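Down below is the structure, laid out as structure tokens.
Bear in mind that the values in this text are calculations on the coordinates, not laboratory data. Since the structure is predicted, the reported quantities are computational estimates derived from the model, not experimental observations. We place every Cβ from the backbone using ideal geometry, glycine too, and count neighbours over all the protein chains shown.
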Amino acid sequence: MCYSKVQKGIKKLEDRFDDTLTDIAIAHCEDNQECAPLLPELQQELRNRIRSEVLPGQEPVPEQDSEPEGSHNGSTGAQKPEESFGERVLRLFREMLSRQKKKWKDVLASVFASFVKVMKTVWSVIESFFSSVAKCFSSLCQA
């Protein structure tokens with residue numbers, strides 16, 4: 001049926017959207033002097049996180065209707081009797097955008113959390129180094 005083609009087309013568009021945004025994010029990190037280039041394993045981890053519906057540390061959530069406000073309630077695939085083909089395509093597209101928004105928000109939160117963890121580790125090493133240097137100077141001054 002024509003509606004299954006629409007759903008497949010929206011899914012294909014969503015997959016291409018994910019791939020394109022991932023490529024843009026990786027290219028930004030490689031081209032931007034303020035950003036360290038992502039190692040190949042980090043690039044792959046980012047791609048895997050985006051393709052995965054569940055990010056590390058999250059529980060799988062049962063699929064719910066993620067329609068924006070003001071749109072029809074009901075299952076994603078079912079067409080309402082009062083809904084035209086164009087309205088249905090628009091509703092499916094809005095649902096896709098809503099999923100993309102949530103997915104990228106979760107991915108960015110996960111990446112930021114990883115960055116914070118790394119920065120805390122680096123800070124701990126720096127503090128330890130300066131503490132050791134201070135002890136050395138202290139022992140030299142006492143001698």
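Observations on the model:
- Across LYS5/LYS101; LYS11/LYS102; LYS11/LYS103; LYS80/LYS102; LYS80/LYS105; LYS5/LYS102, pairs whose alpha-carbon gap is larger than 19 Å: LYS5/LYS101; LYS80/LYS102; LYS80/LYS105; LYS5/LYS102
- A Förster distance of 22 Å, applied to the separation of the beta-carbon atoms of TYR3 and ARG94, puts the FRET efficiency at 0.85.
- Label-point separation in nm, HIS28 to VAL122, each point 7 Å along Cα→Cβ: 1.8
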